[in-house]
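Everything below concerns the one structure shown next.
The values are calculated or read from the model by the stated rules, or taken from the named source; none is laboratory data. Not measured: the values here are computed from a predicted model. Here Cβ is always computed from backbone atoms with ideal geometry, including for glycine, and neighbour counts include all displayed protein chains. For the accessible areas, the whole protein counts, side chains as well, though only heavy atoms, and no ligand, DNA or RNA atoms are used. Shrake-Rupley method; radii C 1.70, N 1.55, O 1.52, S 1.80 Å.
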Amino acid sequence: MRVAVLYSGGKDSNYALYWALKKGFEVKYLVSMVSESDESYMYHVPNIHLTELQARAIGIPIVKGFTSGEKEKEVEDMKTVLEGLKIDGVVAGALASEYQKQRVDSVAKELGIESFAPAWHRDPVDYMKEIISIFDVVIVGTAAYGLDKSWLGRRIDEEALEELIKLNEKYRVHVAGEGGEFETFVRDAPFFRARVVFDEVEKKWEECSYSGVLEVRSAHLEPKGSSW
């Protein structure tokens, strides 16, 4: 099974890749959609430029598609990228978004390929426990009450997960950020041959909208001498 993984650099797309590799699929490409809109309905935006660095760490070719981020048109833009690839299936990191999954499934059906979403409808807490046991993942974007500026750049570990669970109970923040409450970036994973190190970052915080982004201005790959 030759597949492409829809890859944003965050926890969900890396989990999709992790699953596909464990399944024994031949992952031919990582497909990264670059949106001009910060309000994209389909695609992750913060630090999408770093997917090239992650692809180098992983050793799988990356194909970039570009979209204005216009609703529905951005789905067609993804279709245009996928139809140019020799693949039998596409793997997505959808967890709870019916909007995203339905559209990836629809594109796959039109192209005559299979669609996979290994994390679909998983229990958010169990899913996040597995995520932090596999990846070195940090928060690079926030947009929910309770997630203040201090969360930007924070690694999601057991302590952070416990706080997210409490925020879910208090403010209904989705534990896995599936409602857009936070965005993530994976710096290391078992299938990375080198880890991503941030060299220069800037926290951009909008108090009026209670949201922010950790903008990574420069980063490099560091060889892995031992398992983290």
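Of all strands (runs of 3 or more DSSP E) completely enclosed by the range 142-228, which ones contain at least 2 residues that are among the aromatic types (F, W, Y) and under 27 Å from K101 (Cα atoms)?
Values: elements: 182-188, 194-206, 211-223.
Result: 182-188.
Considering only residues of the range 55-109 that are among the polar types (S, T, N, Q) and closer than 22 Å to D123 by Cα, which is most open to solvent (accessible area, probe 1.4 Å)?
Filtering the range 55-109 for residues that are among the polar types (S, T, N, Q) and closer than 22 Å to D123 by Cα, the one most open to solvent (accessible area, probe 1.4 Å) comes out as Q102.
List pairs: first residue in the range 126-146 and within 17 Å of F192 (Cβ to Cβ) and open to solvent by 10 Å² or more (accessible area, probe 1.4 Å), second residue of a type in the set (F, W, Y) and assigned to a helix (DSSP H, G or I) anywhere in the structure, Cβ distance under 7 angstrom, at least six positions apart or on different chains.
Correct list of pairs: I134/Y18.
Quick check, is V186 of a type in the set (V, I, T) and either open to solvent by less than 30 Å² (accessible area, probe 1.4 Å) or closer than 23 Å to A94 by Cα (or both)?
Working: of a type in the set (V, I, T): yes; either open to solvent by less than 30 Å² (accessible area, probe 1.4 Å) or closer than 23 Å to A94 by Cα (or both): yes.
Taking the combined requirement at face value, the residue satisfies it.
Name, by its number, the condition in (1) open to solvent by 30 Å² or more (accessible area, probe 1.4 Å); (2) of a type in the set (G, A, S); (3) closer than 19 Å to A189 by Cα; (4) without any contact (Cβ under 8 Å) to a residue 60 or more places away in the chain that does not hold for G112.
G112 satisfies all of (1) open to solvent by 30 Å² or more (accessible area, probe 1.4 Å); (2) of a type in the set (G, A, S); (3) closer than 19 Å to A189 by Cα; (4) without any contact (Cβ under 8 Å) to a residue 60 or more places away in the chain except (3).
Find the residue count for the range 2-28, including only residues that are in a strand (DSSP E or B), touching a residue at least 40 places away in the same chain (Cβ under 8 Å) and surrounded by fewer than 22 Cβ atoms within 10 Å (Cβ to Cβ).
2
Going through V91, V63, V104, V34 one at a time, which residue ends up being of a type in the set (A, V, I, L, M) and within 28 Å of R172 (Cα to Cα)?
On the way: V91 fails: within 28 Å of R172 (Cα to Cα); V63 fails: within 28 Å of R172 (Cα to Cα); V34 fails: within 28 Å of R172 (Cα to Cα).
Of the residues listed, the single one that is of a type in the set (A, V, I, L, M) and within 28 Å of R172 (Cα to Cα) is V104.
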